[in-house]
Amino acid sequence: MTDSPAVFSVVYSSMATAPLDDGALRELLEQSRASNAERDVTGMLLYRNGRFIQILEGPEQAVRDTMAKIERDPRHDHLRVLIDEFIGERNFAEWTMGFEPITTPDAEAPEGFRDTFDDLEAHGDPSATLRAARELSLWFRVRATQPR
């Protein structure tokens, strides 16, 4: 019996070089989904206030090629890889690219609510970055299963 190949996962953050409206985000999402389907890459994309957080997963070379393409994309600036690791299985196997536009809440946020990505880039504490990225991943997967 052959072991299945390891899944490579990358979490990165970047800044948009220009604000993206719903149409531009939809176009970016359509391009990402088509490209990712061809490469067997899955993941999620979060966008808020000009900032992206993305998780990509799949065959190592496909994920690295996707990252190289994103690094050359003029819509991204200040790209920073937060986590790159091999994982036991995909977290987003059904999604060539899940997407969640994040809006600023109108009411006061409950205790423990994360309303920024700042802790994902905690300098000097990689475990805090990993923990925050995993919490975001879980949040996204739970929201995706809830009726709207």
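Here, each number is a calculation from the coordinates, and none is a lab measurement. Worth saying up front: this structure is predicted, and the values here are computed from it rather than measured. Because the Cβ atoms are built from the backbone with ideal geometry, glycine has one as well, and the counts that use them run over all protein chains shown.
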Provide the gained length on full extension for the span Arg26 to Leu79, in nm with one decimal, where the gain is 0.36 nm per separating residue minus the Cα-Cα distance.
17.0 nm
For segment 45-60, Karplus-derived ³J(HN,Hα) couplings (6.51, -1.76, 1.60; θ = phi - 60°; whole Hz; x for glycine and proline) come out as 10, 10, 9, 7, 6, x, 10, 9, 10, 9, 10, 10, 8, x, x, 3
What order do you get for 20-30, 45-55 when each peptide is scored by the mean count of other beta carbon atoms within 10 Å, highest first?
45-55, 20-30
